[in-house]
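Novice: A single structure is presented below for examination.
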Amino acid sequence: MLIVLLGPPGAGKGTQAKTLAETLNVVHIASGDLLRDHQARGTDLGLQARSYMEKGELVPDDLVIRMILDRMSEESGRQGAVLDGFPRTLTQAEALEASLEGLGIDQVLYIAVPADELVRRLGGRVICRSCQRPYQQDSAPERCADCGGELYQRDDDRPEAVQNRIQVYEAQTFPLVEHYRSQGKLKELDGAQAIEAVTRDLLAAVAA
Ligand code: AMP
């Protein structure tokens with residue numbers, strides 16, 4: 001089973017993808033988490049991606065496509081995957097479809113959230129340096145409740161980068177909504193609801 005979670009930055013894709021993958025017993029593959037991990041390890045890819053990520057720009061397609069397809073082939077023995085943050089451009093979507101050799105994506109779940117709510121959420125977000133779990137600053141614990149890691153604000157959650165990320169999303173990623181809708185694969189959910197309500201709607205959409 002291959003599920004793609006689509007939505008703007010701050011829609012809750014990471015949180016929801018983790019729960020969905022655990023519930024469905026498939027692997028969670030998050031392009032942003034993988035890229036931050038490359039940066040933390042100081043790999044060539046991490047170094048190449050850094051300047052784009054800091055500004056809230058997309059990392060070039062060829063780099064991201066190679067990273068995700070490699071990761072998917074490592075997990076090819078598993079029951080399936082939830083892709084979170086990939087694809088983000090039509091070129092990435094086409095590369096993904098080509099790599100699947102006719103097997104295809106089962107469902108694309110689109111978590112829709114209005115822009116003003118995204119700015120509020122991203123501006124108040126801190127994440128764990130180890131496991132990348134997000135928290136809202138005003139209700140965050142001292143350290144990560146899951147792994148005890150240090151919490152920090154991502155460079156690209158600062159106000160200048162947030163505006164750019166939302167614009168980049170609208171220009172480059174939002175067209176994927178129509179792309180998948182026209183293939184009859186897209187289900188749209190209201191991501192402005194509480195986390196548990198979004199999870200419930202996502203699970204219902206997968207089961208339908
Ligand atoms: P995220 O954690 O999904 O918000 O991603 C953080 C940043 O990583 C993005 O703002 C991009 O700079 C980069 N990134 C993540 N996924 C992709 C992708 N599929 N294509 C290009 N850049 C990406």
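Novice: Go ahead and set up a Gaussian network model of the chain, Cα springs under 10 Å, then flag whichever of 172, 16, 183 fluctuates most.
Specialist: So, out of 172, 16, 183, the one fluctuating most is 183.
Novice: Springs between alpha-carbon pairs under 10 angstrom, Gaussian network model over the chain: which of 40, 49, 17 fluctuates most?
Specialist: 40
Novice: Give me the lysines in straight-line cross-link reach of residue 185: C-alpha distance below 29 Å, same-chain residues under 8 apart excluded.
Specialist: By straight Cα distance, residue 185 reaches 13, 18.
Novice: Calculate for the chain the 222 nm mean residue ellipticity that helices alone would give, adding -39,500 (n - 2.57) per DSSP H run of length 4 or more and normalising by residue count, nearest 500 deg cm²/dmol.
Specialist: Numbers: 9 runs with 99 residues, N = 208.
Result for the chain: -14500 deg cm²/dmol, rounded to the nearest 500.
Novice: Set Lys and Arg Cβ to +1 and Asp and Glu Cβ to -1, take the dipole of segment 61-194 about its Cα centre, and tell me which of 112, 135, 76 lies farthest positive.
Specialist: 135
Novice: While we're looking at this one, here's another question. Any idea how far the Cα center of segment 159-193 sits from the one of segment 32-97, in Å?
Specialist: Distance between centres, Cα-based: 17 Å.
Novice: Follow-up. Students often get this wrong: which residues of segment 90-120 have the backbone nitrogen under 18 Å from the point 7 angstrom along Cα-to-C-beta of residue 136?
Specialist: 112-120
Novice: Here is a further query. For segment 52-98, what Kirkwood radius comes out of the mean inverse Cα-Cα distance, in Å? Kindly include the intermediate steps, with their values, before the conclusion.
Specialist: Details: mean 1/r = 0.0865 Å⁻¹.
Radius from the Kirkwood sum: 11.6 Å.
Novice: State log₁₀ I(q)/I(0) for segment 1-77 at q = 0.16, 0.17, 0.23, 0.28 Å⁻¹ as given by the Debye formula over alpha-carbon point scatterers of equal weight, solvent excluded.
Specialist: Log10 I(q)/I(0), no solvent term: -0.66, -0.74, -1.22, -1.39.
Novice: May I ask you to rank 174, 86 by accessible area, largest first, using a 1.4 Å probe over the protein chains only? Before the final figure, lay out the partial values.
Specialist: Values: 174 90, 86 0 Å².
So the residues, ranked largest to smallest area, are 174, 86.
Novice: Suppose every K and R has +1 on its Cβ and every D and E has -1 on its Cβ; what is the size of the dipole of the chain about the Cα centre, in Debye to the nearest 20? It would help to have the intermediate numbers written out before the result.
Specialist: Values: 23 positive and 32 negative charges, 56 e Å.
Once rounded to the nearest 20, the dipole reads 280 debye.
Novice: With only alpha-carbon atoms counted, please give the Rg and Dmax of the chain, in Å.
Specialist: Both quantities, over Cα of the chain: 16.2, 47 Å.
Novice: Give the aspartates and glutamates reachable from residue 187 as a straight Cα distance under 16 Å; neighbours fewer than 8 places away on the same chain don't count.
Specialist: Within reach: 84, 106, 178, 201.
Novice: Additional query: Suppose R0 equals 45 Å; then what is the FRET efficiency for residue 150 and residue 171 from their Cβ-Cβ distance, rounded to the nearest 0.05?
Specialist: Numbers: r = 34 Å, r/R0 = 0.75.
The formula returns an efficiency of 0.85 here.
Novice: What FRET efficiency would be calculated for the residue pair residue 164, residue 103, taking the C-beta separation as r and a Förster radius of 45 Å, to the nearest 0.05? Show your work: numbers first, answer last.
Specialist: On the way: r = 35 Å, r/R0 = 0.78.
After rounding, the FRET efficiency stands at 0.80.
Novice: Can I ask one more? Which log10 I(q)/I(0) values does segment 157-208 give at q = 0.12, 0.13, 0.16, 0.31 Å⁻¹ under the Debye formula, counting every alpha carbon as one identical point scatterer?
Specialist: Taking Cα atoms of segment 157-208 as identical point scatterers yields -0.41, -0.47, -0.68, -1.01.
Novice: Where in segment 87-111 does the amide nitrogen come within less than 15 Å of the point 7 Å from the Cα of residue 208, taken along Cα to Cβ?
Specialist: 107-111
Novice: Work the Kirkwood hydrodynamic radius out for segment 77-185: mean of 1/r over every pair of different alpha-carbon atoms, inverted, in Å.
Specialist: 16.2
The values are calculated or read from the model by the stated rules, or taken from the named source; none is laboratory data. Just so we're clear, the structure is a prediction, and the values are computed from it rather than from any experiment. Positions of Cβ are backbone-derived with ideal geometry, glycine not excepted, and every protein chain shown enters the neighbour counts. Remember, those area values only see protein heavy atoms, side chains included, never the ligands or the DNA or RNA. Shrake-Rupley method; radii C 1.70, N 1.55, O 1.52, S 1.80 Å.
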